[in-house]
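Heads up, the thing below is written out as structure tokens.
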Amino acid sequence: MRMRRKLNCLVSIAMLTIFGEFAQAATTANSCSNEDQKAVYQDLFEKDQMLRRPAAQTEPDLRERLLRQDTENQIQLDKIVEACGWPQDSPFFNSKLEVAFLIVQHSSKEFTNRYRGKMEEAYAKGLIPQQQIDDFRRYLKLKDSWSK
């Protein structure tokens, strides 16, 4: 089973390499219904995590591809939040909120700061676990130190 998963991942990486980058998927939902939103956030999650998997770590131009994909995910998240609002679902893991959290955490300092209030509000409501908000806050400190 583990070998099959690795093989599938390698095939995916090979396809990505052949085509240069991810095909543009329809990540903007047709509506703000929970069902449409789940599909959109699942697509964003897969895009966010594809190049962060261990098998992808040896890919050429990985950093540039990560930056491009993260930027695209940020654009999509902005569109979704503008149209449908910030996700408020719970439990946190495997939720739309977790996907939004990951996209913000993997973003530029400016994008992170734009959504920082939303993250803190969700934490205050008990929607984001302590460990995850602690990680988020550590990322914020790192991003602050990188820009000095």
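Where a number appears in this text, it was derived from the coordinates with a stated rule and is not lab data. This structure is a prediction, so every number in the text was calculated from the model and none was measured. Because the Cβ atoms are built from the backbone with ideal geometry, glycine has one as well, and the counts that use them run over all protein chains shown.
Treating each Cα of the stretch 72-148 as one equal point scatterer and applying the Debye formula with no solvent, the log10 of I(q)/I(0) at q = 0.12, 0.17, 0.22 Å⁻¹ comes out as -0.30, -0.61, -1.02. Sparse packing (at most 13 other Cβ atoms within 10 Å of the Cβ) combined with a DSSP loop state is found for the following chymotrypsin sites (Phe, Trp or Tyr not before Pro) in the stretch 70-144: Phe93. With a Cα cut-off of under 22 Å and a minimum spacing of 8 residues unless on different chains, the lysine pairs in the stretch 79-148 number 12. In this simple spin-label model, placing a label point 7 Å from the Cα along the Cα-to-Cβ direction at both Asn94 and Tyr139 gives a separation of 2.2 nm. Computed extension gain for Asn34 through Thr71, at 0.36 nm per residue and net of the alpha carbon distance, reaches 10.9 nm.
What is the extension gain from Asp61 to Glu46, computed as 0.36 nm multiplied by their sequence separation minus the C-alpha to C-alpha distance, in nm to one decimal?
Using 0.36 nm per residue and subtracting the Cα-Cα distance, I get 3.5 nm.
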